[in-house]
1. For the stretch 15-41, give me each residue that is aliphatic (A, V, I, L, M) and in a helix (DSSP H, G or I).
2. Could you pull out the residue among VAL6, VAL44 that is in a helix (DSSP H, G or I) and either under 15 Å from the mean Cα position of the chain (by Cα) or basic (Lys, Arg) (or both)?
3. What is the residue count in the stretch 27-41 for residues that are farther than 20 Å from LEU60 by Cα and over 12 Å from the mean Cα position of the chain (by Cα)?
4. Could you list all residues from the stretch 1-21 that are within 19 Å of ARG82 (Cα to Cα), exposed (fewer than 12 other Cβ atoms within 10 Å of the Cβ) and not aliphatic (A, V, I, L, M)?
Amino acid sequence: AGTALVYPTLIAAVADAVQPLERAPAVGVYRFWRDFGFVAGALVSGLAADALGFGEAIALVAVLTAASGLWVAAASWGLPERSPEPMSGIGTPA
């Protein structure tokens with residue numbers, strides 16, 4: 001249920017990060033890795049729960065989540081900030 005609240009925002013962020021002609025492929029790549037993560041995450045966490053126990057599997061997921069967040073923060077450190085481009089189209093002044 002929580003994903004439904006943020007998913008449109010994530011898709012919009014992906015689409016805004018690329019040129020208009022690259023939006024469909026960019027959203028497709030995002031969706032592929034998102035869906036792959038759902039499958040791989042379920043399999044890996046199930047195997048971890050069998051091998052380590054339920055609590056340890058939850059801890060492993062927490063550590064991997066924190067590590068991925070730190071990796072993204074480190075990778076984006078020092079990148080120039082982008083200003084949003086003005087919108088055009090429906091609902092904007094002519």
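Computed from the coordinates by the stated procedures, all read-outs in this text should not be read as laboratory data. Note that the coordinates shown come from a computational prediction; the quantities given were computed from them, not determined experimentally. A quick note on method: Cβ atoms are made from the backbone with ideal geometry, for glycine too, and the neighbour counts reach across all protein chains shown.
1. ALA15, LEU21, ALA24, ALA26, VAL27, VAL29, VAL39, ALA40
2. Exactly one of VAL6, VAL44 is in a helix (DSSP H, G or I) and either under 15 Å from the mean Cα position of the chain (by Cα) or basic (Lys, Arg) (or both), namely VAL6.
3. 1
4. Selection gives THR9, GLN19, PRO20.
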